[in-house]
Amino acid sequence: MKATLIFFCLFPCLIYGTVLPGPREKLPVSVYSVTDAEIQALSEELYAADVNKADSKDITLNLQYKASSSQTSSGTDFANQKLFTYVNEDKLFSRPTFARLVSVLDNYVQKTGTAESVPLTEVQEQNAFIDEIFKTSIMTKLSNFLISKGYYASVESFKSDLKEMWFGLYTRSKGPLDSSGFEHVFHGEIHKGKISGFHNWVQLYLMEKSGQVNYLSYSADGPWIGYPDIFAFQLKWSTYLKTLGSFIVGSSPEFDMAMYTLCYVTRPDKLCNIKIGGKTSKIQTYTWANSTYGNGKRYVASSYPNI
């Protein structure tokens, strides 16, 4: 069996509202106060800075059937055609952050209950992905904001904590280290006989293209025109059902990571009010923390658009 990766916190780790002992100076709790208005203003800045996002010519969706609330749990296939009619892979997936994301997406075991093995090559892919998104203005803006609010002392401490909160391993099955925030949100898992997580549009496209995912219907779409836009889909992964899966379609990997991290850090386990292109929406976040079946640290359990 390949050795399981253990993450060490080289910088003071975030526990919301406090700072763990370390070289960083402890700041007043009031410094950590972030208003909804500030989150919405920053989300607009991140949206404007997303130069890698798709435009209206890069993606064509075939939504087909809009399911009612009483139909979404039935697992009925209301769509006889694929969701994605066209994605401009040559343009989008050649961009460095997309390419790095794709290289990480195939590193995971589908079902919970089986320990995730993380060999050196996969650690390198994780690091390359994080390094690449931190080259973007989106992550620069997010880093500067969180530093200005006292959550972190430096870009380096934020970057280190981001890796741990997203890629740190924990268990969803009260046993082996079988999950992480990134696996849950960006890749998706089969947990207790159902699809769990799975909120990244690139993964959805690749899985549908390969024949592993069958699109069934949609139940909601966001207020935006063009991309990114927010949708709620019903789908099957093999025989496993997702009755309500929300996705920001057309966004760049760095935008998804920045928005989900912003809300996870400032609004853990709550609804986070965002604004994109003048339109409001929400992101729901959850933390994972269990001292019995882990190391007592807090990781991303989930973060996704609430639609």
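Would you point out which residue out of Val34, Val104, Val118 is within 23 Å of Tyr240 (Cα to Cα) and touching a helix residue (DSSP H, G or I) at 6+ places or on another chain (Cβ under 9 Å)? Even if it seems obvious, please write down each step before you answer.
Values: Val34 fails: within 23 Å of Tyr240 (Cα to Cα); Val118 fails: within 23 Å of Tyr240 (Cα to Cα).
After applying the criteria, what remains is Val104.
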**Q.** Scope region 244-280; condition within 25 Å of Ser68 (Cα to Cα), modelled with pLDDT of 95 or more and hydroxyl-bearing (Ser, Thr, Tyr); matching residues
**A.** Ser246
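Surrounded by fewer than 19 Cβ atoms within 10 Å (Cβ to Cβ), of a type in the set (Gly, Ala, Ser) and part of a helix (DSSP H, G or I): does that describe Ala128? If you could, list the steps in order and put the result at the bottom.
On the way: surrounded by fewer than 19 Cβ atoms within 10 Å (Cβ to Cβ): yes; of a type in the set (Gly, Ala, Ser): yes; part of a helix (DSSP H, G or I): yes.
Answer is yes for this residue.
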Q: Could you grab me the full set of residues in region 287-307 that are at pLDDT 95 or above and of a type in the set (Phe, Trp, Tyr)?
A: Tyr304
Q.
List the residue pairs whose Cβ atoms are under 7 Å apart, where the first residue sits in region 82-99 and is of a type outside the set (A, V, I, L, M, F, W, C), the second is part of a helix (DSSP H, G or I), and the two are 6 or more positions apart or on different chains.
A. Lys82/Glu208; Pro96/Glu132; Thr97/Glu132; Thr97/Ile133; Thr97/Pro253; Thr97/Glu254
Q: Would you check which residues across region 42-65 are loosely packed, with under 13 Cβ neighbours inside 10 Å and under 26 Å from Asn273 (Cα atoms) and list them?
A: Val51, Asp55, Ser56
Q. How many residues are within 29 Å of Ile59 (Cβ to Cβ) and in a strand (DSSP E or B) when one looks only at region 250-292?
A. 14
Q) Do we find a residue being closer than 15 Å to Gly168 by Cα and of a type in the set (Asp, Glu) anywhere in region 98-119? A) yes
**Q.** Residues within region 178-208 that are touching a helix residue (DSSP H, G or I) at 6+ places or on another chain (Cβ under 9 Å), of a type outside the set (S, T, N, Q) and assigned to a loop (DSSP other than H, G, I, E, B), tallied
**A.** 4
Q. Identify, please: which residue in region 131-154 is more than 20 Å from the chain's Cα centre (by Cα) and part of a helix (DSSP H, G or I) and is, among those, nearest to Ser252 (Cα to Cα)?
A. Asn144
Q: Under 6 Å between Cβ atoms, at least 6 apart or on separate chains: pull out the pairs that start in region 150-166 with a residue that is over 15 Å from Thr140 (Cβ atoms) and touching a residue at least 12 places away in the same chain (Cβ under 8 Å) and end on any residue that is of a type in the set (D, E, K, R) and not in a helix (DSSP H, G or I).
A: Ala153/Arg24
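Evaluate region 76-92: report whether one residue or more is under 21 Å from Phe182 (Cβ atoms) and either among the charged types (D, E, K, R) or at pLDDT 95 or above (or both).
Of region 76-92, the ones under 21 Å from Phe182 (Cβ atoms) are 92.
Among the residues that remain, those that are also either among the charged types (D, E, K, R) or at pLDDT 95 or above (or both) are: 92.
Among the residues of region 76-92, at least one is under 21 Å from Phe182 (Cβ atoms) and either among the charged types (D, E, K, R) or at pLDDT 95 or above (or both), which makes the answer yes.
The values are calculated or read from the model by the stated rules, or taken from the named source; none is laboratory data. Please read all numbers here as calculations on a predicted model, not as lab measurements. Cβ coordinates were reconstructed from backbone atoms using ideal geometry, including for glycine residues, and neighbour counts include every protein chain displayed.
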